[in-house]
1. Please compute the modelled spin-label separation between ILE73 and LEU15, points set 7 Å along Cα→Cβ, answer in nm with one decimal.
2. Taking H as built 1.01 Å from N, whose amide H comes closer than 5 Å to the amide H of SER111, not counting residues under 5 places away?
3. For the stretch 180-205 and the stretch 263-284, write down the distance between their C-alpha centroids in whole Å.
4. Out of all DSSP beta bridges with both ends in the stretch 210-334, state the antiparallel percent to the nearest 5.
5. So how far apart, in nm, are the two label points at LEU145 and SER172 if each is 7 Å from Cα heading toward Cβ?
6. Along each of the three principal axes of the Cα atoms of the chain, give the extent in whole Å, ordering the values from largest to smallest.
7. Could you check which residue among GLY240, GLY296, GLY133 shows the biggest mean-square fluctuation in a GNM of the chain with a 10 Å Cα cutoff?
8. Can you return the lysines within cross-link range of LYS203? Criterion is Cα-Cα under 18 Å, with same-chain partners fewer than 8 residues away left out.
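Each value in this text was obtained by applying a stated rule to the coordinates, not by laboratory testing. Everything numeric here is computed off the predicted structure, so don't read it as measured data. Quick reminder, even Gly has a Cβ in these numbers, built from the backbone with ideal geometry, and neighbours come from all protein chains shown.
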Amino acid sequence: MNVNRKILTLDEFTLTQLRQFPSATGELSRLLRDLALASKRVNVEVNKAGLVDILGDYGTVNVQGEDVKKLDIFANNQFMGVLKHGISCAGIGSEEMDDFVVFDDEVSNNSKYVVLFDPLDGSGNIDVNVSIGTIFSVYKRVSELGKPCTKEDFLQPGNKQVAAGYMVYGSSTMMVYATRRGVNGFTLDPSIGEFTLSHPDIKCPETGKFYSVNHGNFFQYDEKVREYINGCQRKTKETGGPYTQRYIGSMVADVHRNLIKGGIFMYPGTLDKPKGKLRLLYEANPFAFIVEVAGGLATNGVQRILDIQPTELHQRTALFIGSKKMMEELASITNS
Ligand code: AHG
Ligand code: MN
Ligand code: MN
């Protein structure tokens, strides 16, 4: 079969974008290519996870006190490796590492960007063949070029992100990334090993029919959140319900579906964990950026996610994210 030359590959697409900015250096395109390369390696391992003895707990506990699966570590090392050896990244922060990693070599010290990532999201789903993903967030350094990057480069509010994206290892493998100019989705064509533009200029529908939340925690949510969730199950003056409940337990897959089809995803604070479970720097911020560029909204229930000033790498936040109208319905209840 001939290769369809009308469909742009990820590299062709980023090059086309680059040509519109004669002053651009191409460093961001290189960075995206590095991330895509690592994700292709992860994809191969994820695909054969059921075949090889790579499943199960790695026998360690990550810095959040959760069991670490082997594939989390494998994915972490792939992303760290390509970014360290590429020319665009001065340092990283990852869910799987206690602290930021400053690459501190001659090339990296002259690189413009730092990257934060969740190498494998939804890893509890690996054993049961359910979609999982990778999430990444890119910032331009605020520290001086030519020197090692610093903590301040990583602790910037989400509204300073230059790009953010995710890969979903699902029924097909996709990479979706956003810059301020738009959100675009690429599907991995296994026959040529390339991500190809399949979802140009993604817009999050203004409203949708899905709400995604862990119902098992219902009685741990505050009263207003419970009121909204109840509203999702019937038609009220605030909500256009009843909506359909969909919750896989991999944020990447849940938010991806709601981004494409319209919907709201919630991980509220609970009595035990008032700040919820999700991490600001490599889960909430990148998704907030993507969804806002696509026309949706993201808050922690009180404040816009992208305006939160981070204080530490692994900090958690409550998260409400999705279609604009559904987010406004939620706010009309939580702000009343
Ligand atoms: P991770 O696998 O990176 O630890 O993230 C899992 C997260 C997220 O993907 C998902 O939305 C959430 O955990 C599910 O949590 P609950 O099982 O508490 O609903
Ligand atoms: Mn995660
Ligand atoms: Mn993870």
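1. 3.9
2. The answer is GLY146.
3. Answer, in whole Å: 27.
4. Values: 9 of 14 bridges.
Of all bridge pairs located within the stretch 210-334, approximately 65 percent are antiparallel.
5. 3.8
6. Between the extreme Cα coordinates on each principal axis of the chain lie 57, 46, 46 Å.
7. Evaluated over the chain, the most mobile residue of the options is GLY240.
8. Partners within reach: LYS261, LYS324, LYS325.
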